[in-house]
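Enquirer: The structure that follows is given in the form of structure tokens.
Values quoted throughout were computed directly from the atomic coordinates according to the rules given, and no laboratory measurement underlies them. Predicted, not measured: the structure shown is a model, and the values here were computed from it. Cβ atoms come from the backbone with ideal geometry, glycine included; neighbour counts cover every protein chain shown.
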Amino acid sequence: MATFCKRKCSWLVSFLLLLPTLSVFAQQKNTLSDLIASADDHLPVLLQKKELINASRAEVNEVRHSFLPQLNLSDQVNVGTDNSMAGSYFPLGIVPSTSSGVNAENNMNAASGNIAIIYGQYDLVNFGLNSAKIKNAEAYVGLQEADLQKEQYYIELNIAKLYFNILKSQYTLNADKENVDRYQNIFSVIQALTSSGIKAGSDSSLAKAELSKTRITYNQTLGSVNQLKQQLSYFTGIPIEKLNIDTSSNSFTNIKVDSVQFATDSINNPLIDYYAKQKNIYVANDKLIRKSFLPKISLAATTWARGSSIGYNNDYQSLDNGLGYQRYNYLVGLNLTYNLFNGLYRKDRLNINNYELKASDDELQQQKLALASASLQADDALQSTRANLLELPIQLRSAQDTYQQKVAQYKAGLISLIDLTNASFVLYRSQTDYIETMSDWYLAQLDKAASTGNLTQFIQTIK
């Protein structure tokens with residue numbers, strides 16, 4: 001098989017080197033790796049996902065900073081009355097606080113007051129809640145990174161497919177050009193024969209029609225090449241006039257059909273890793289939920305200074321007396337907080353998260369199943385392509401020999417123009433069949449590499 005591949009590739013290289021080279025190919029060539037690197041720097045969707053990674057990393061820092069103690073400083077200067085009544089009530093938010101001021105009747109004398117407070121609070125024990133919050137935030141970073149890698153993987157795959165399709169179209173364009181030249185030669189021969197009266201004039205008209213048909217085919221292929229390049233320009237940001245896929249080196253035909261073998265890599269495959277990271281979010285959520293409903297032990301400490309223009313004996317003094325600080329206090333305490341219904345709330349949240357975790361695992365298994373199926377389909381395509389590559393060189397050599405014989409026989413008047421054009425058509429079809437089959441092999445190898453997680457390694461083999 002290896003000997004055959006060498007002989008076949010050597011023959012095809014010689015064949016393709018004879019094809020005319022378009023002038024646009026004289027400019028700098030774009031390799032597949034260059035195109036992918038250009039897309040990585042150009043596509044806004046990739047830049048967007050990179051910024052989302054930065055945002056998720058910033059959220060990790062925000063979570064870490066949320067564990068710092070609360071430390072509040074307040075100062076308040078007031079002027080107002082001091083009338084209160086005995087009795088308790090729940091805070092209403094908008095009801096001002098009055099200290100002392102329980103009198104037999106309303107006293108509308110104004111009094112000044114000043115109070116400054118420093119209050120701090122820190123969670124001493126929360127039974128691993130802080131660690132769970134950090135791991136949950138880090139899990140989102142992992143998901144964003146996996147999302148970027150998945151998007152890059154799909155873009156690399158699309159660019160590689162475009163690259164091979166452009167190669168195929170450009171080789172087909174060369175074959176179309178050779179086909180035009182072939183029919184131009186036939187038309188010239190017929191013109192010479194009809195001018196001398198050896199052939200009927202109808203042969204000239206038929207040959208002219210066939211020549212026009214080959215030119216139409218060439219124009220259609222050229223249009224297809226330009227359309228594919230427009231798509232590639234969208235991904236890479238390279239203007240279409242500067243896109244130039246190299247065919248002169250015949251790299252399209254230099255790789256042996258059995259030389260690239262990749263083992264399945266289910267760990268590093270971005271098409272699997274994204275769904276695994278998505279599952280990790282729910283695993284981290286499970287731990288966070290369990291920790292969130294545990295008791296919390298907090299340390300609280302405060303100190304404050306107070307001033308008032310009302311004396312200890314309910315003596316209303318000058319308002320200036322209330323602007324300074326006259327009394328100082330501090331208070332330190334431990335606070336245990338636990339909602340007695342937390343067990344029920346935790347159970348509800350865990351049930352929701354558990355269903356989401358199972359759904360994410362099903363999605364992961366579905367992706368693995370789809371990639372395994374794609375890998376098997378690629379194997380089937382490669383097997384049939386290899387079988388075809390055994391036959392196509394025979395078909396192409398026979399078609400070339402037949403065409404040369406038919407040209408000589410037509411000139412000698414032994415066959416009709418229909419026999420000659422049929423031979424030319426068979427030769428053209430053999431050329432395009434070979435190009436089509438080589439393209440099928442590359443695309444099947446590409447699908448195999450992508451489904452097994454080896455896309456980057458495969459692309460590196462393409463020079």
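Enquirer: Work out the length of the dipole vector of the chain about its Cα centre, built from +1 on the beta-carbon of each Lys and Arg and -1 on the beta-carbon of each Asp and Glu, and round it to the nearest 20 debye.
Expert: I would put it at about 1240 debye.
Enquirer: What is the Cα centroid distance between region 402-422 and region 373-389, reported in whole angstrom?
Expert: 38 Å
Enquirer: Based on the Cβ-Cβ distance of Lys411 and Ala387, what FRET efficiency does E = 1/(1 + (r/R0)^6) give at R0 = 41 Å, to the nearest 0.05?
Expert: E between Lys411 and Ala387, to the nearest 0.05, is 0.60.
Enquirer: Contour minus end-to-end for Ser99 and Tyr312, with contour as 0.36 nm per residue of separation and end-to-end as the Cα-Cα distance?
Expert: Stretched fully, the Ser99-Tyr312 segment lengthens by 75.5 nm.
Enquirer: Just to be sure I understand: if I project the alpha-carbon convex hull of region 334-463 onto a plane and average over all orientations, what area do I get in nm²?
Expert: The number I arrive at for region 334-463 is 15.8 nm².
Enquirer: For region 290-343, what does the convex hull of the Cα positions come to per residue, in cubic angstrom?
Expert: 134 Å³
Enquirer: Then there is this: If the reach is capped at under 13 angstrom between alpha carbons, list the aspartates and glutamates near Lys358, excluding any in the same chain fewer than eight residues apart.
Expert: Cα-Cα hits under 13 Å: Asp286.
Enquirer: Which cross-chain or sequence-distant (5 or more) residues have an amide H under 5 Å from the amide H of Ser308, H modelled 1.01 Å from N in plane?
Expert: Asn114, Gln326
Enquirer: Here is a further query. Can you compute log10 of I(q)/I(0) for the chain with the Debye formula, treating each Cα as one identical point scatterer, at q = 0.09, 0.10 Å⁻¹?
Expert: After summing over all Cα pairs, the log10 values are -0.82, -0.92.
Enquirer: When the helix-only estimate is applied to the chain (DSSP H runs of n ≥ 4, each -39,500 (n - 2.57), divided by the residue count), what is the mean residue ellipticity at 222 nm, nearest 500 deg cm²/dmol?
Expert: Taking each H run of at least 4 residues, the total per residue is -22500 deg cm²/dmol.
Enquirer: Another question, then. Along region 386-402, what does the Karplus equation 6.51 cos²θ - 1.76 cosθ + 1.60 (θ = phi - 60°) give for ³J(HN,Hα), rounded to whole Hz, x for Gly and Pro?
Expert: 4, 4, 5, 5, 6, 8, 4, x, 5, 4, 5, 5, 5, 5, 5, 4, 5
Enquirer: Reachable aspartates and glutamates from Lys161, Cα under 12 Å, same-chain residues fewer than 8 places away excluded?
Expert: Asp440, Asp447
Enquirer: What angle do you read, to the nearest 10 degrees and between 0 and 90, between the alpha-carbon axis of helix 201-236 and the longest principal axis of the chain?
Expert: Helix 201-236 and the main axis of the chain meet at about 20 degrees.
Enquirer: Report the label-to-label distance for Ser266 and Ala305 in nanometres (one decimal), using points 7 Å from each Cα along the Cα→Cβ vector.
Expert: It works out to 7.0 nm between the two label points.
Enquirer: Kindly give Rg over Rh for region 30-106, based on alpha-carbon atoms, with the Kirkwood expression for the hydrodynamic radius.
Expert: Ratio of gyration radius to Kirkwood radius for region 30-106: 1.53.
Enquirer: Something else now. Compute the distance in nm between two label points, each set 7 Å from the Cα along the Cα-to-Cβ direction, one at Asn335 and one at Ser188.
Expert: 9.8 nm
Enquirer: Give Lys49/Lys448; Lys50/Lys279; Lys168/Lys229 a once-over and call out the pairs whose C-alpha atoms are over 19 Å from each other.
Expert: As for pairs spanning more than 19 Å Cα to Cα, those are Lys49/Lys448; Lys50/Lys279.
Enquirer: Lys and Arg at +1, Asp and Glu at -1: add these up for the other residues within a Cβ distance under 12 Å of Thr214 and post the number.
Expert: That sum, taken over residues with Cβ under 12 Å, equals +1.
Enquirer: So, in nm, how far is label Lys347 from label Ala58 when the simple model puts each one 7 Å beyond its Cα toward the Cβ?
Expert: So the two model labels end up 4.2 nm from each other.
Enquirer: Setting aside same-chain residues fewer than 8 positions from Lys411, which lysines have a Cα under 22 Å from its Cα?
Expert: Lys199, Lys208
Enquirer: Another question, if that's okay. Please report the relative contact order for the chain, taking Cα pairs under 8 Å with a sequence separation of at least 6, and give it as a percent rounded to a whole number.
Expert: Result for the chain is 23 percent.
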